[in-house]
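Colleague: Could you have a look at this structure, given as structure tokens, before my questions?
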Amino acid sequence: MAINIDKVDDGLPISVIVPLSKNRRDFFNNMVLPMLEANNPNEIIINDREGSAPEKRNAGFDKSTQPYVFFCDDDIILPANYLETLLKNLKCEHKTPEIGYSYTGYYGVVLHPESHPFRGNFRTPSTPFNPTALKQGNYISTMSLMKREVFPRFDETLTRFQDWDMYLTILKNGVRGIMVSDVFFWAYYLDAGITSNNNNLNDALQKIRNKHG
């Protein structure tokens, strides 16, 4: 097991970082990776070492070189030109330095509806950036395109809500996101996931409250 890096010299200035789990390799190689490659990032970093998803993401970031980073789970399928669209929107905000990342909504494809709270496929629409709403609950997927310099690292001590914690930390640092409303990606719910949801919800929420007040 290792951190594998595939580079394309003329690709977009983006490092895609994937925390790969061993039970997702076939799905990732056959379904996810081809669409990542079609989006033409400069480098795709696949971390299939042992460890939690936050550990794998942080380690992948340490290997990355590009000015923009995109953390992509191993069950996510991107449409064509998805990364380019997020990049164009983020670059349009270059005169607004507090904008540090761009994000979209997504479609959830649930393969085991009996074990999912929504009991079937669903759509999570894009929601305009709102700091007050973000403090009340996370509505931004891990899959956002981020300026390298705003990434605060994932908190490896948390068992849940690592993405929410990351966005709250970024907000504390004076950085905001921008919604891109005209594209979506597909999130496939294949099993319990890399980050287990069996951890106590109230305990996890309390950790976020304690950290961010």
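The values are calculated or read from the model by the stated rules, or taken from the named source; none is laboratory data. Keep in mind it's a predicted model, so treat the numbers as computed, not measured. Please note: Cβ atoms are built from the backbone with ideal geometry, for glycine as well, and neighbour counts cover all protein chains shown.
Colleague: Of all residues in the stretch 132-162, which are within 21 Å of Gly105 (Cα to Cα), without any contact (Cβ under 8 Å) to a residue 24 or more places away in the chain and not aliphatic (A, V, I, L, M)?
Modeller: Listed by number, the residues that qualify are Thr132, Gln136, Tyr139.
Colleague: Residues being under 19 Å from Leu145 (Cα atoms), among the β-branched types (Val, Ile, Thr) and in contact (Cβ under 8 Å) with a residue 40 or more places away in the chain: count how many of those fall in the stretch 1-13. First the steps, then the outcome.
Modeller: Taking the stretch 1-13 first, the residues under 19 Å from Leu145 (Cα atoms) are 5-8, 10-13.
From what's left, among the β-branched types (Val, Ile, Thr): 5, 8.
So of that shortlist, the ones also in contact (Cβ under 8 Å) with a residue 40 or more places away in the chain come out as 5.
Total satisfying the criteria: 1.
Colleague: Right, another one. Under the condition of being surrounded by 14 or more Cβ atoms within 10 Å (Cβ to Cβ), modelled with pLDDT of 95 or more and not hydrophobic (A, V, I, L, M, F, W, C), which residue from the stretch 14-39 is farthest from Glu149 (Cα to Cα)?
Modeller: Glu37
Colleague: Please tell me if Gly51 is touching a strand residue (DSSP E or B) at 6+ places or on another chain (Cβ under 7 Å), modelled with pLDDT under 95 and surrounded by 13 or more Cβ atoms within 10 Å (Cβ to Cβ).
Modeller: On the way: touching a strand residue (DSSP E or B) at 6+ places or on another chain (Cβ under 7 Å): no; modelled with pLDDT under 95: yes; surrounded by 13 or more Cβ atoms within 10 Å (Cβ to Cβ): yes.
The answer is no for Gly51.
Colleague: Inside the stretch 107-213, counting only helices (runs of 4 or more DSSP H) that do not spill past its ends, which hold 1 or more residues that are in contact with a helix residue (DSSP H, G or I) (Cβ under 8 Å, 6 or more places away or on another chain), of a type in the set (Val, Ile, Thr) and modelled with pLDDT of 85 or more? Working first, answer last.
Modeller: On the way: elements: 131-136, 162-172, 201-212.
Where helices (runs of 4 or more DSSP H) fall fully within the stretch 107-213 and carry at least 1 residues being in contact with a helix residue (DSSP H, G or I) (Cβ under 8 Å, 6 or more places away or on another chain), of a type in the set (Val, Ile, Thr) and modelled with pLDDT of 85 or more, they are 162-172, 201-212.
Colleague: Find all pairs meeting these conditions: Cβ atoms under 7 angstrom apart; at least six residues apart or on different chains; first residue within the stretch 65-76 and touching a residue at least 60 places away in the same chain (Cβ under 8 Å); second residue part of a loop (DSSP other than H, G, I, E, B) and among the polar types (S, T, N, Q).
Modeller: Phe71/Thr142; Asp73/Thr142; Asp74/Ser21
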